[in-house]
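Undergrad: So that we are looking at the same thing, I have put the structure below in structure tokens.
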Amino acid sequence: MRIADKVVEEFLNKSGKVNSEQLSILHDQERSEKRPLQDLVVSGNIFSEKELTKLYAESVDIPFIELKDINHELLKLLPERIARQYKAVVFNIEENGAKDIAMADPDDIQALSFLQKQLGSNLKVYIAPETQIMAALDAYRGNIAGELTKVISSDAIAGDADTDETVNEEELAEDSPIAQTVNLIIEYGVNSGASDIHIEPREKFVIVRYRIDGILREANKLPRRVLNALVSRIKILANLKIDEHRAPQDGRFKIEVGSQVFALRVSTMPIVDGEKVVMRILNESNTASTLEELGFWGEALKTLNQSIVQPNGMVLVTGPTGSGKSTTLFSVLSLLNTSSINIATVEDPVEYRIPGVNQTQVNPMAGMTFANGLRSLLRQDPNIIMVGEIRDRETADLAIQAALTGHLVFSTLHTSDASTCLPRLLDMGVEPFLIASTIRSVIAQRLVRRLCPECREIYNPDDGMIKRIKVAFNLSEERSFARVHELENAALNDGIGNNSKDKSSLTDLSSNERSIVRLFKANTKGCASCNHTGYHGRLGIYEVLDNTPEVQKLIIKNTSSEELESMVIANGMVNMRLDGLIKSLRGQTSIEEVMRVTSNN
């Protein structure tokens, strides 16, 4: 629904939520960003979408409705294609037979006319927030796994598993069962919060697996006969060669699910039983999280905030693949992204698109490596540079030189923790004095599964569990538990596990100066909110090493990573495992989950 700027301005004036100066700033922002006033008001939290829709409904004398529990049978009165085209859903039938229909834009005369022809003239029109309409439209799918079974069993893709591998045009058409199958597989992944979709051929069937909260889960087994058409359809979407089966290929495409846009990064790989496809799901509608929302707090947050506002130097993020490094950098760059700063990146691949940032994709076949890309970026007058990964000495030397010559450089490095990152640069041949003078801080991170707040369980640890925690988290000294208690109190004050908007918020502590008195664990049966897994979503655990004068002295002396780690922990750095322990005490994750992801440290 598009509300005229003049009408939105009237709502703002009547509400008294903005003064004339703030309204003038909104109009300036409207002109510079070329966005309607309506969008700016919602994104700026002046009005929620619901409040704005309700005000508009009152102004045009159309009843407002909130869509909550949708009757699936009533939805079917309007074909899905038409419902999506006009953003309209049937949600009730009154005693006199009148059909209640909710629309995002009831001013659309053409849509109303068509809907009357489709449903009859006895209609009562309501207006609802567009996001609620789109959520209701997703309910058309019902049980996606069941829908997938119906499509797969269609005669249109009947045949034997051993039939010829050629795929005809009818199988790949937009409305074919194979196209529907691909759409359903992707929708299921998006709706279940998966980060990756795996389509894996086996000798007699095809397995579809989803990586949800970092864990791979098998969802469906499809007939072997659909494999070639399925892979070909995905290749067409990703603009890949459908006749190339012997070499790996990479591509990308976008899809809209509900009101959100998702980019899917596609990788195909020939294996023994055929071609395997993996699709990484990236939500392009997501806005960058703040550092606090990512899980930074205390001294780690303070150190990072100081590092990223320096005029030059280097900030490194370390961790294995899939530990959230790109998300952290996305948030940091979005935080620094203003019209007065030129930010340039060279990445492999470009995962998050950031408006206003000049992002370059690595392409070794065309000679665009990290080193060559970085060398070119330095001639583009950047203020801030982000290099996707430092893999060799050449890239490391160029990044160091960029940091020395007045640029703020961000990059990633594959090491297990922050203290081994600096010796790793020494191993690459970078001079110790250069590392000491350019590195501002090093972030190491992992992702742990977040306990479902609806069904998590609280228990009191016994002596055996306390002993296990002492060993696992190195709490042997007398003041160890006092230190944990002090950190938990600081985390509580920084809002960790204490969000006033969350009904599961914790305002008391799980530790005292002598021991741990309360722990949390996943419910083995789970609930509907977490799909009966006990976990819902993920959060980061971090350690941030500040390159203090003491650290610089150790680097110049070519000190080992063990000595370096001992010194920074003695000086107050909270390592990843301890950060995880504090977050488990705040009810965000479990002790077992923290130990699982940090077991190699």
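The values are calculated or read from the model by the stated rules, or taken from the named source; none is laboratory data. Owing to the predicted nature of the structure, the values given are computational and were not obtained by experimental measurement. Cβ sites come from the backbone with ideal geometry, for glycine too, and all protein chains shown count toward neighbours. Accessible surface areas use protein heavy atoms only, side chains included; no ligands, DNA or RNA. Shrake-Rupley method; radii C 1.70, N 1.55, O 1.52, S 1.80 Å.
Undergrad: Check the range 163-185 and report whether any residue there is at pLDDT 85 or above, under 30 Å from Glu593 (Cβ atoms) and buried (at least 16 other Cβ atoms within 10 Å of the Cβ).
TA: Within the range 163-185 (the criterion being at pLDDT 85 or above, under 30 Å from Glu593 (Cβ atoms) and buried (at least 16 other Cβ atoms within 10 Å of the Cβ)), the answer is yes, since at least one residue qualifies.
Undergrad: Oh, and also: In the list Ala371, Ala418, Ala399, which residue meets the criterion of being part of a loop (DSSP other than H, G, I, E, B), small (Gly, Ala, Ser) and touching a residue at least 12 places away in the same chain (Cβ under 8 Å)? Working first, answer last.
TA: Values: Ala371 fails: part of a loop (DSSP other than H, G, I, E, B); Ala399 fails: part of a loop (DSSP other than H, G, I, E, B).
Being part of a loop (DSSP other than H, G, I, E, B), small (Gly, Ala, Ser) and touching a residue at least 12 places away in the same chain (Cβ under 8 Å) holds for just one of Ala371, Ala418, Ala399, which is Ala418.
Undergrad: For the range 261-268, state whether one or more residues are of a type outside the set (Ser, Thr, Tyr), open to solvent by less than 20 Å² (accessible area, probe 1.4 Å) and without any contact (Cβ under 8 Å) to a residue 40 or more places away in the chain.
TA: Among the residues of the range 261-268, at least one is of a type outside the set (Ser, Thr, Tyr), open to solvent by less than 20 Å² (accessible area, probe 1.4 Å) and without any contact (Cβ under 8 Å) to a residue 40 or more places away in the chain, which makes the answer yes.
Undergrad: Please determine, by comparing only the residues of the range 389-411 that are in contact with a Ser or Thr (Cβ under 7 Å, 6 or more places away or on another chain) and open to solvent by 10 Å² or more (accessible area, probe 1.4 Å), which one is nearest to Asp579 (Cα to Cα).
TA: It comes out as Glu389.
Undergrad: For residues in the range 186-231 being outside any strand (DSSP E or B), open to solvent by 10 Å² or more (accessible area, probe 1.4 Å) and of a type in the set (Gly, Ala, Ser), which is nearest to Asn531 (Cα to Cα)?
TA: Looking at the filtered set, the residue picked out is Ser192.
Undergrad: Also, quick follow-up: Hey, which of the helices (runs of 4 or more DSSP H) in the range 1-79, taking only ones fully inside, have at least 1 residues that are in contact with a strand residue (DSSP E or B) (Cβ under 8 Å, 6 or more places away or on another chain), open to solvent by less than 40 Å² (accessible area, probe 1.4 Å) and not aromatic (Phe, Trp, Tyr)?
TA: Working: elements: 5-15, 20-33, 37-43, 49-60, 72-75.
Qualifying helices (runs of 4 or more DSSP H): 49-60, 72-75.
Undergrad: On the given criteria, is Asp100 outside any helix (DSSP H, G or I), out of contact with any Ser or Thr (no Cβ under 8 Å at 6 or more places or on another chain) and more than 19 Å from Glu73 (Cβ to Cβ)?
TA: no
Undergrad: Right, something else. Looking only at the range 356-381, filter to residues that are farther than 18 Å from Thr412 by Cβ and within 27 Å of the chain's Cα centre (by Cα); which one of those is modelled with the highest pLDDT?
TA: Asn358
Undergrad: Here's a follow-up. With the structure loaded, tell me whether Val357 is surrounded by 17 or more Cβ atoms within 10 Å (Cβ to Cβ), in contact (Cβ under 8 Å) with a residue 40 or more places away in the chain and on the phi < 0 side of the Ramachandran plot or whether it fails that test. Even if it seems obvious, please write down each step before you answer.
TA: Numbers: surrounded by 17 or more Cβ atoms within 10 Å (Cβ to Cβ): yes; in contact (Cβ under 8 Å) with a residue 40 or more places away in the chain: no; on the phi < 0 side of the Ramachandran plot: yes.
Taking the combined requirement at face value, the residue does not satisfy it.
Condition check ((1) among the basic types (Lys, Arg); (2) open to solvent by less than 10 Å² (accessible area, probe 1.4 Å); (3) more than 27 Å from Ala570 (Cβ to Cβ); (4) touching a Phe, Trp or Tyr at 6+ places or on another chain (Cβ under 6 Å)) across all residues:
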residue	(1), (2), (3), (4)
Ala436	no, yes, no, no
Val442	no, yes, no, no
Gln445	no, yes, no, yes
Arg449	yes, no, yes, yes
Pro453	no, no, yes, no
Gly464	no, no, yes, no
Val471	no, no, no, no
Glu477	no, no, no, no
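Undergrad: Can you give me the ranges of the helices (runs of 4 or more DSSP H) entirely in the range 486-601 with at least 3 residues that are open to solvent by less than 30 Å² (accessible area, probe 1.4 Å)?
TA: Working: elements: 549-556, 561-570, 576-585, 591-597.
The qualifying helices (runs of 4 or more DSSP H) are 561-570, 576-585, 591-597.
Undergrad: Can you give me the number of residues within the range 92-116 that are open to solvent by 40 Å² or more (accessible area, probe 1.4 Å) and under 33 Å from the mean Cα position of the chain (by Cα)?
TA: 1
Undergrad: Scan (1) open to solvent by less than 40 Å² (accessible area, probe 1.4 Å); (2) touching a residue at least 40 places away in the same chain (Cβ under 8 Å) for the single condition Val430 breaks and write down its number.
TA: It is condition (2) that Val430 fails.
Undergrad: Now for a different question. For Ile281, all conditions in the list (1) within 20 Å of Pro349 (Cβ to Cβ); (2) part of a loop (DSSP other than H, G, I, E, B); (3) open to solvent by less than 30 Å² (accessible area, probe 1.4 Å) hold save one; what is the number of the exception?
TA: (2)
Undergrad: Here is a further query. Return yes when Ser437 is assigned to a strand (DSSP E or B) and among the small types (Gly, Ala, Ser) and no when it is not.
TA: So Ser437 fails the test.
Undergrad: Has the range 484-496 got any residue that is farther than 24 Å from Lys302 by Cα and of a type outside the set (A, V, I, L, M)?
TA: no
Undergrad: Now a separate question. Between Glu293, Glu299, Glu275, which is under 19 Å from the mean Cα position of the chain (by Cα) and of a type in the set (D, E, K, R)?
TA: None of the others qualify; the one that does is Glu293.
Undergrad: Out of the range 304-338, which residues are open to solvent by 10 Å² or more (accessible area, probe 1.4 Å) and farther than 17 Å from Ala288 by Cα?
TA: Gln306, Val309, Gln310, Pro311, Asn312, Pro320, Thr321, Gly322 - these are the residues of the range 304-338 that are open to solvent by 10 Å² or more (accessible area, probe 1.4 Å) and farther than 17 Å from Ala288 by Cα.
Undergrad: Name the residues in the range 117-154 that are modelled with pLDDT of 80 or more, part of a helix (DSSP H, G or I) and surrounded by fewer than 13 Cβ atoms within 10 Å (Cβ to Cβ), would you?
TA: Listed by number, the list holds a single entry, Lys117.
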